[in-house]
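Student: I'd like to ask some things about the structure below.
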């Protein structure tokens, strides 16, 4: 017998509950354990049935979805379902698995189910690589920035943080290590040349030798060069496998598909 993920739907809108129940019924990995129309009626059901996942509305009478989570001693995994994207930042703060916008379409729901299956069924795996045409969501200064990967120029390590340089935006200081970015960004074109820099090879302009132990790497879209030591310079030359003048032109900067939150 297949192990199923126990889920509950909590939404004050009856139509929204029926829609989610129908979508849940189309996935063999999910089992609907109950429904509730508000936080007060949801609390005893959650305690009794112990769902692994809540499909949770954000705005409900008297108590919001976030209020409900604060009242739970140990909250299940949560997928927020809302009419508005304005609560995305709060969803980051409570480690939501996903954030669905109403009306929820089957394809988008299926992607969420796949994420839940990987999270709850799979043994730990290396993080999934983004595709080079993806968009990446970055949180900085209280805002979420959605950037196409081709527009990223270079990522610079600053302790446990990373400063992301991209086209037409000011550098963003992100609370993620450069190693985390290295695991997720596609290689090529993104290559870690040394401890400090992760470079988009598609944006190479030219390499300038300054001294025996120092080179300046110039990148399209960056006003100042990236300093490279001798080892990083040799690593770059080997990666290119051809003279720098033969580097292909930049690809068109299409938006591509959006990477998950």
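Student: Kindly establish whether residue 184 is within 30 Å of residue 3 (Cβ to Cβ) and out of contact with any strand residue (DSSP E or B) (no Cβ under 7 Å at 6 or more places or on another chain).
Tutor: Working: within 30 Å of residue 3 (Cβ to Cβ): yes; out of contact with any strand residue (DSSP E or B) (no Cβ under 7 Å at 6 or more places or on another chain): yes.
So residue 184 fits the description; yes.
Student: Tell me the residue from 166, 196, 211, 215 that is in contact (Cβ under 8 Å) with a residue 40 or more places away in the chain, assigned by TED's automatic domain parsing to the domain that holds residue 228 and either exposed (fewer than 14 other Cβ atoms within 10 Å of the Cβ) or over 19 Å from the mean Cα position of the chain (by Cα) (or both), please. Quick ask: steps written out before the conclusion?
Tutor: Numbers: 166 fails: either exposed (fewer than 14 other Cβ atoms within 10 Å of the Cβ) or over 19 Å from the mean Cα position of the chain (by Cα) (or both); 211 fails: in contact (Cβ under 8 Å) with a residue 40 or more places away in the chain; 215 fails: in contact (Cβ under 8 Å) with a residue 40 or more places away in the chain.
Exactly one residue qualifies, and that residue is 196.
Student: Still on this structure, I have one more. Just to be sure, is residue 242 modelled with pLDDT of 90 or more, more than 22 Å from residue 162 (Cβ to Cβ) and out of contact with any strand residue (DSSP E or B) (no Cβ under 7 Å at 6 or more places or on another chain)?
Tutor: Details: modelled with pLDDT of 90 or more: no; more than 22 Å from residue 162 (Cβ to Cβ): yes; out of contact with any strand residue (DSSP E or B) (no Cβ under 7 Å at 6 or more places or on another chain): yes.
Against the criterion (modelled with pLDDT of 90 or more, more than 22 Å from residue 162 (Cβ to Cβ) and out of contact with any strand residue (DSSP E or B) (no Cβ under 7 Å at 6 or more places or on another chain)), residue 242 does not qualify.
Student: Does the range 144-151 include one or more residues that are in contact with a helix residue (DSSP H, G or I) (Cβ under 8 Å, 6 or more places away or on another chain), at pLDDT 85 or above, under 22 Å from residue 201 (Cα atoms) and not assigned by TED's automatic domain parsing to the domain that holds residue 23? If you could, list the steps in order and put the result at the bottom.
Tutor: Here is the first cut: in the range 144-151, the ones in contact with a helix residue (DSSP H, G or I) (Cβ under 8 Å, 6 or more places away or on another chain) are 144, 150.
Remaining after also requiring at pLDDT 85 or above: 150.
Narrowing the set further to residues that are under 22 Å from residue 201 (Cα atoms) leaves 150.
With the extra rule that they be not assigned by TED's automatic domain parsing to the domain that holds residue 23, the set shrinks to 150.
Yes.
Student: Taking the range 6-15 on its own, how many of its residues are touching a residue at least 12 places away in the same chain (Cβ under 8 Å) and surrounded by fewer than 21 Cβ atoms within 10 Å (Cβ to Cβ)? Can you show your working first?
Tutor: Restricting attention to the range 6-15, the residues satisfying the condition of being touching a residue at least 12 places away in the same chain (Cβ under 8 Å) are 6-14.
Those left that are additionally surrounded by fewer than 21 Cβ atoms within 10 Å (Cβ to Cβ): 6, 12-14.
Number satisfying all stated conditions: 4.
Student: Shifting gears a bit: Which of the residues belonging to the range 172-186 are loosely packed, with under 15 Cβ neighbours inside 10 Å and part of a loop (DSSP other than H, G, I, E, B)?
Tutor: 175, 186
Student: Among the residues of the range 48-64, which ones are outside any loop (DSSP other than H, G, I, E, B), in contact (Cβ under 8 Å) with a residue 40 or more places away in the chain and either out of contact with any strand residue (DSSP E or B) (no Cβ under 8 Å at 6 or more places or on another chain) or over 15 Å from residue 16 (Cα atoms) (or both)?
Tutor: Looking only at the range 48-64, we keep the residues that are outside any loop (DSSP other than H, G, I, E, B), and these are 48-49, 53-57.
Pick out the ones that are also in contact (Cβ under 8 Å) with a residue 40 or more places away in the chain and you get 49, 53-57.
Those that are outside any loop (DSSP other than H, G, I, E, B), in contact (Cβ under 8 Å) with a residue 40 or more places away in the chain and either out of contact with any strand residue (DSSP E or B) (no Cβ under 8 Å at 6 or more places or on another chain) or over 15 Å from residue 16 (Cα atoms) (or both): 49, 53.
Student: Sticking with this structure for a sec: Check residue 147 against each of (1) without any contact (Cβ under 8 Å) to a residue 24 or more places away in the chain; (2) surrounded by 11 or more Cβ atoms within 10 Å (Cβ to Cβ); (3) part of a helix (DSSP H, G or I) and name the one condition it does not meet.
Tutor: Here residue 147 meets the rest and fails (3).
Student: When both residues are 6+ apart or on different chains and their Cβ atoms are under 6 Å apart, which pairs have a first residue that lies in the range 76-89 and is in a strand (DSSP E or B), and a second that is surrounded by 18 or more Cβ atoms within 10 Å (Cβ to Cβ) and at pLDDT below 90?
Tutor: 80/91
Student: I've got another one for you. Filter the range 106-130 down to the residues that are at pLDDT 85 or above and in contact with a helix residue (DSSP H, G or I) (Cβ under 9 Å, 6 or more places away or on another chain), then identify the one that is nearest to residue 52 (Cα to Cα).
Tutor: Here the answer is 113.
Student: Suppose we keep only residues that are in contact with a helix residue (DSSP H, G or I) (Cβ under 7 Å, 6 or more places away or on another chain) and part of a helix (DSSP H, G or I) within the range 23-46. Which one would you say is modelled with the highest pLDDT?
Tutor: The extreme case among them is 23.
Student: Here is a follow-up. Going by the structure shown, is residue 223 surrounded by 19 or more Cβ atoms within 10 Å (Cβ to Cβ), in the same structural domain as residue 235 (by TED's automatic domain parsing) and either part of a loop (DSSP other than H, G, I, E, B) or over 18 Å from the mean Cα position of the chain (by Cα) (or both)? Break it down stepwise before answering.
Tutor: Working: surrounded by 19 or more Cβ atoms within 10 Å (Cβ to Cβ): no; in the same structural domain as residue 235 (by TED's automatic domain parsing): yes; either part of a loop (DSSP other than H, G, I, E, B) or over 18 Å from the mean Cα position of the chain (by Cα) (or both): yes.
Taking the combined requirement at face value, the residue does not satisfy it.
The values are calculated or read from the model by the stated rules, or taken from the named source; none is laboratory data. What you see is a predicted model; the values in this text were computed from it and never measured. For neighbour counting, all protein chains shown are included, and Cβ atoms are generated from backbone atoms with ideal geometry for every residue, glycine included.
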